[in-house]
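> This structure is in structure tokens; I'll ask about it shortly.
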Amino acid sequence: MSGIDLINVVKRFGALTVIDGVDLAIAEGEFVVFVGPSGCGKSTLLRMIAGLEEISDGELRIAGSRMNETPPAKRNIAMVFQSYALYPHMNVERNLGFALETARLPAAEIRERVTKAAKFLKIDHLLDRRPAQLSGGQQQRVAIGRALVRQQKLFLFDEPLSNLDADLRMEMRVEIARIHREVKATTVYVTHDQMEAMTLADRIVVLKDGRIAQVGTPMELYERPANRFVAGFIGSPRMNFLPGMLVREGEESVLSLAGGRHRLSAHDYAGDVSLGIRPEDLILGGGDATLEAEVLLVEPLGGESLVHLNVGDGRSIVAKAQGRPEIRPGATTVVGWNHTRAHLFDKDERALNPRGA
Amino acid sequence: MATGAIRIGLNAKRARTAWLFLAPSLLVLFAVALWPLGRTFLFSFTDAFLTEPDIYAYIGLENYFTLFEDALWWQSVRNTLYFTVVSVSIETALGLAIALLLNAHMSGRGFMRAVILIPWSIPVVVSARMWQWMLHDQFGILNHVLKLMGVIDHGIAWTANPDLVMPVIIAVDVWITTPFMVLLILAGLQMLPKSIYEAASIDGVSEWRQFTALTLPLLAPSIAVAVLFRLLDALRMFDLSFVLSSNSDDTKTVSIYAREVLVNFQDMGVGSAASAAIFLMIAVVTAIYVTVFRLNRKLLGV
Ligand SMILES: Nc1ncnc2c1ncn2[C@@H]1O[C@H](COP(=O)(O)OP(=O)(O)OP(=O)(O)O)[C@@H](O)[C@H]1O
Ligand SMILES: [Mg+2]
């Protein structure tokens, strides 16, 4: 019932186009995460769904009805703002209950919902404080609580966990996932954090310069990025890219890199390409294809290590290795990968697939 | 312990520097305000006359008895309080309304903001004279317009009619000082975070409730300061009444009363007593106002 449809939605601020034709269908109960670099339009798109920004062009539908002209209050949404937007003169308790008070719910019910949310968010000892007397993380939790108590069909979150420490962030992430499982509210969630996006999302929407770069499940985006931008954006540390040239030789294609030539199954495309390999897909000392490399730096992360390698031309790549490999900076080694784990992008940065794949 | 000691040292040093910077202005303040004030209090206990201010004797509270037995003094106190309460109330309500209007996003509001300041920028005596002419019973534009519109057939003596003169003075004061209110309240309005209104609008809070539950409480400190300024100003109002209706007992303010005793009757003793009483009256009103406001804030949790 409360799915969201964005149909060729455009947002202009004067001459500046900030959202440039976004098409997206969000199913009821789905958890969709918007990611993208700062300034790409995530908040703007979310605010358009909320009704806080006018839609310059295109159509927004919620539960199948056009919403472009509907005021925010009538869209049945709850939102957590990037800037918290708490009422500075009210204590936490009133901040949480204000919307319910306005909706004229019985006082007992308000108290029950507020108490429950406060306990759940671990702010029940702060109910008498005003926002100015709270830390950033506490304010953020109050903001989440204020959205929770309203029990709406549609949740909008704008970077709700950005000010929490790592522990609390993980805890809240789990809680948000749990809330979503229980309440089944359609959720749109903006974040910078890959981990949040990967763990929470049913589908991730990667935005770039006001357009959708790719939509898909977290694993789809990770395994089959549609373009070089998404490939670089999803995954941490980011994917390594090496320039190369793809030529046809009979029933095969040949990829020439600075460090050698590699036979691949046939591609329709020929010309300049970039080869993308994730750090975790690089294998020290083996693989279908290999390159000579000089070890620049080994960063131990505990269970695994990041090995920075120079592969000639001053190009450096990063490999992720299990444990703590027995290599020292300055040493020469061989680094390789399996063809099935490699990504190719054409000169327009679109992903290339072998013929028939 | 050690850091505590350092912090205290730092604060003490800061305080010393602050006093050093404040000293010149405190000195000037003492010379131009406290000294004359002290002299006024002193003279209020003497029988000095303006003709020979150096020859006087202390007569205790006698001047105050004289003052408090004068019906005209009490009438001017009533006039002043009436003028203050009515004009400041109207100015606050009107100022708030106009500020809200100007704060709404509408085209040409920068221009409006500049235009609205004009009445405030004109010296009060000039405004008063201007209004005196406009309100003139024979040549005034107001009567002329009313006659043209057929509302009246004889010119109304706006400033001579004892029933009309106070409302007229209040109206002119409202015209002059509402811009000041608008400006102070507008400044307060523009400090309010926009995002809380967005949150409220999503949460289904009506515009009226946004106004009463968010805007008013958050604006209260700004309004309180503006009202306090106006209160102090109105309590010692002199020029408007003096120009528009100098001899009428119906609009005599305490400041005019004090001047009259001092200048017209040359009675420095009673004049000083009146001035001292005015000072005390303003001090008491301010103290009550500030206390009530503080208590209110505590109750509201603002
Ligand atoms: N009111 C406005 N007027 C003009 N430009 C705006 C306005 N609001 C946002 N923009 C521009 O629109 C673009 C997108 O902004 P938006 O806030 O949606 O970015 P974002 O993806 O949420 O970034 P971040 O991750 O930093 O929060 C930015 O370039 C911003 O400068
Ligand atoms: Mg944002």
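> Answer with one residue from A:Ala103, A:Val205, A:Leu46: the one whose Cα lies farthest towards the positive end of the charge dipole of region A:4-232, charges on Cβ with Lys, Arg +1 and Asp, Glu -1.
Checked the options; the winner is A:Ala103.
> Can you list the aspartates and glutamates whose alpha carbon sits under 18 Å from that of A:Lys153, skipping same-chain ones fewer than 8 residues off?
Candidates past the 8-residue exclusion: A:Asp5, A:Glu28, A:Glu30, A:Glu175, A:Glu182, A:Asp202, B:Asp203.
> Estimate the FRET efficiency between A:Arg12 and A:Ala132 by the formula 1/(1 + (r/R0)^6), using the beta-carbon distance for r and 56 Å for R0, to the nearest 0.05.
About 0.95, to the nearest 0.05.
> Efficiency by 1/(1 + (r/R0)^6): what FRET value for B:Ala23 and A:Arg61, r their Cβ-Cβ distance, R0 = 56 Å, to the nearest 0.05? Before the final figure, lay out the partial values.
Numbers: r = 70 Å, r/R0 = 1.25.
The computed FRET efficiency comes out at 0.20.
> On to the next question. For region B:44-300, build the charge dipole from Cβ charges (+1 Lys, Arg; -1 Asp, Glu) around the Cα centre, then report which of B:Leu100, B:Ala224, B:Tyr197 sits farthest towards its positive end.
B:Tyr197
> Just going by the charge dipole of the protein assembly as shown, with Lys and Arg at +1 and Asp and Glu at -1 on Cβ, which of B:Pro179, A:Pro218, A:Ser305 is farthest out on the positive end?
Comparing the listed Cα positions along the dipole, A:Ser305 ranks first.
> A further question follows. Using the C-alpha gyration tensor of the protein assembly as shown, what are the square roots of 5 times its eigenvalues, in whole angstrom, with the largest one first?
On the way: eigenvalues 1120, 192, 119 Å².
Whole-Å semi-axes of the equivalent ellipsoid: 75, 31, 24.
> Non-local amide H neighbours of A:Val18 (under 5 Å, H modeled in plane, Pro and chain starts lacking H): which ones?
Those lying under 5 Å, H to H, from A:Val18 are A:Lys11, A:Arg12, A:Phe13.
> Setting aside same-chain residues fewer than 8 positions from B:Lys252, which aspartates and glutamates have a Cα under 12 Å from its Cα?
Candidates past the 8-residue exclusion: B:Asp239, B:Glu260.
> List, in order, the whole-Hz ³J(HN,Hα) value for each residue of region B:249-260 obtained from phi through the Karplus relation with A = 6.51, B = -1.76, C = 1.60 and θ = phi - 60°; use x for Gly and Pro.
Values per residue, Gly and Pro as x: 6, 6, 10, 5, 9, 4, 5, 5, 4, 4, 4, 4 Hz.
> For A:Gln214, which sequence-distant residues (separation of 5 or more, or a different chain) have an amide H within less than 5 Å of its own amide H, given hydrogens modelled in the peptide plane?
When sequence neighbours closer than 5 places are left aside, the close amide H contacts are A:Val206.
> Taking amide H positions as placed 1.01 Å from N in the peptide plane, with prolines and chain starts having none, which residues 5 or more places from A:Gly36, or on another chain, fall under 5 Å of its amide H?
When sequence neighbours closer than 5 places are left aside, the close amide H contacts are A:Leu207.
> With charges only on Cβ, +1 for K and R and -1 for D and E, what is the dipole size of region B:44-300 about its Cα centre, in debye, rounded to 20? Let's see the in-between values first.
Working: 14 positive and 20 negative charges, 257 e Å.
Rounded to the nearest 20 debye, it is 1240 debye.
> Within the P(r) computed for chain A, what percentage of the Cα pairs occupies the region above 39 Å?
On the way: 18935 of 63546 pairs.
Taking all Cα-Cα pairs of chain A, the fraction more than 39 Å apart is 30 percent.
> Among all the lysines, which ones have a C-alpha under 19 Å from A:Lys208's C-alpha, if same-chain residues fewer than 8 places away are not counted?
A:Lys11, A:Lys42, A:Lys347
> Also: To the nearest Å, what is the center-to-center distance of region A:20-85 and region B:211-260, using C-alpha atoms only?
Comparing the Cα centres of region A:20-85 and region B:211-260, I get a distance of 50 Å.
> Tell me the mean residue ellipticity at 222 nm calculated for chain A from its helices only (DSSP H runs of n ≥ 4, each -39500 (n - 2.57), averaged over every residue, nearest 500).
Details: 8 runs with 84 residues, N = 357.
That comes out to -7000 deg cm²/dmol.
> I would also like to ask the following. Would you mind getting me the FRET efficiency between B:Ile55 and B:Leu216? Use the beta-carbon distance for r and R0 = 51 Å, nearest 0.05.
On the way: r = 58 Å, r/R0 = 1.13.
According to the calculation, E is roughly 0.30.
> For chain A, which whole percent of the accessible surface, found with a 1.4 angstrom probe, sits on carbon and sulfur atoms?
Using a 1.4 Å probe with all protein chains present, chain A comes out at 48 percent carbon and sulfur.
> Hey, what do the phi angles of region B:225-237 turn into as Karplus ³J(HN,Hα) couplings, whole Hz, using 6.51/-1.76/1.60 and θ = phi - 60°, x for Gly and Pro?
3J(HN,Hα) across region B:225-237, in whole Hz: 5, 4, 5, 4, 4, 5, 4, 4, 5, 5, 5, 10, 4.
> Go through region A:278-288 residue by residue and turn each phi into a ³J(HN,Hα) via Karplus (6.51, -1.76, 1.60, θ = phi - 60°); whole Hz please, and just put x for glycine and proline.
Per residue, the Karplus-derived 3J(HN,Hα) values read 6, x, 6, 9, 7, 10, 6, x, x, x, 4 Hz.
> Taking Cα centroids, how far is region B:42-121 from region A:155-217 in Å?
For region B:42-121 versus region A:155-217, the Cα centre distance is 60 Å.
> Evaluate peptide A:86-92: per residue, the Cβ atoms of other protein chains within 10 Å of its Cβ; return the mean as an integer. It would help to have the intermediate numbers written out before the result.
Numbers: counts 4, 8, 7, 11, 6, 1, 0.
What the average comes to for A:86-92 is 5.
> With charges only on Cβ, +1 for K and R and -1 for D and E, what is the dipole size of the protein assembly as shown about its Cα centre, in debye, rounded to 20?
Details: 63 positive and 66 negative charges, 209 e Å.
In debye, rounded to 20, the protein assembly as shown gives about 1000.
> Rounded, prolate or oblate for region A:249-312? Axes are the square roots of the Cα gyration tensor eigenvalues, ordered a ≥ b ≥ c, and the cut-off for rounded is a/c under 1.5.
Numbers: a/c = 2.76, a/b = 2.34, b/c = 1.18.
Because a/c hits 1.5 or more and a/b exceeds b/c, region A:249-312 counts as prolate.
> Something else about it: If a/c stays under 1.5 just call it rounded; otherwise compare a/b with b/c (prolate if a/b is bigger, oblate if not). Do that for region A:237-346, with a ≥ b ≥ c from the square roots of the Cα gyration tensor eigenvalues.
prolate
> Which of the three applies to chain B, rounded, prolate or oblate, going by the alpha-carbon gyration tensor with a ≥ b ≥ c and a/c under 1.5 meaning rounded?
On the way: a/c = 2.25, a/b = 1.08, b/c = 2.09.
Judged from the Cα gyration tensor, chain B comes out oblate (a/c at least 1.5, b/c at or above a/b).
> So how much slack lies between B:Leu295 and B:Leu81, counting 0.36 nm per residue of separation and subtracting their Cα-Cα distance, in nm? If you can, show how the numbers build up before the last one.
Values: separation 214, 0.36 × 214 = 77.04 nm, distance 2.30 nm.
Going from the current span to full extension adds 74.7 nm.
> How much mean residue ellipticity at 222 nm does chain B get from its helices, if each DSSP H run of length 4 or more adds -39500 (n - 2.57) and you divide by all residues, to the nearest 500 deg cm²/dmol? Mind showing how you got there, number by number?
Details: 14 runs with 208 residues, N = 302.
Computed mean residue ellipticity for chain B: -22500 deg cm²/dmol.
> Further question: Rounded to the nearest 20 debye, what is the charge dipole size of region A:4-232 about its Cα centre when +1 sits on each Lys and Arg Cβ and -1 on each Asp and Glu Cβ?
Values: 31 positive and 29 negative charges, 95 e Å.
Dipole size: approximately 460 debye.
> If you don't mind, there's one more thing I want to ask. Going by average Cβ neighbours within 10 Å, how do the peptides A:40-49, A:177-186 rank, with the highest at the top? Walk me through the numbers on the way to the answer.
Numbers: A:40-49: 22.3, A:177-186: 15.4.
Descending mean neighbour count gives A:40-49, A:177-186.
The values are calculated or read from the model by the stated rules, or taken from the named source; none is laboratory data. All figures in this text were calculated on a predicted structure; none of them were measured in a lab. Every residue, glycine among them, receives a Cβ derived from its backbone with ideal geometry; neighbour counts consider all protein chains shown. When the accessible area is computed, the model is the full protein with side chains, heavy atoms only, and any ligands, DNA or RNA have been set aside. Shrake-Rupley method; radii C 1.70, N 1.55, O 1.52, S 1.80 Å.
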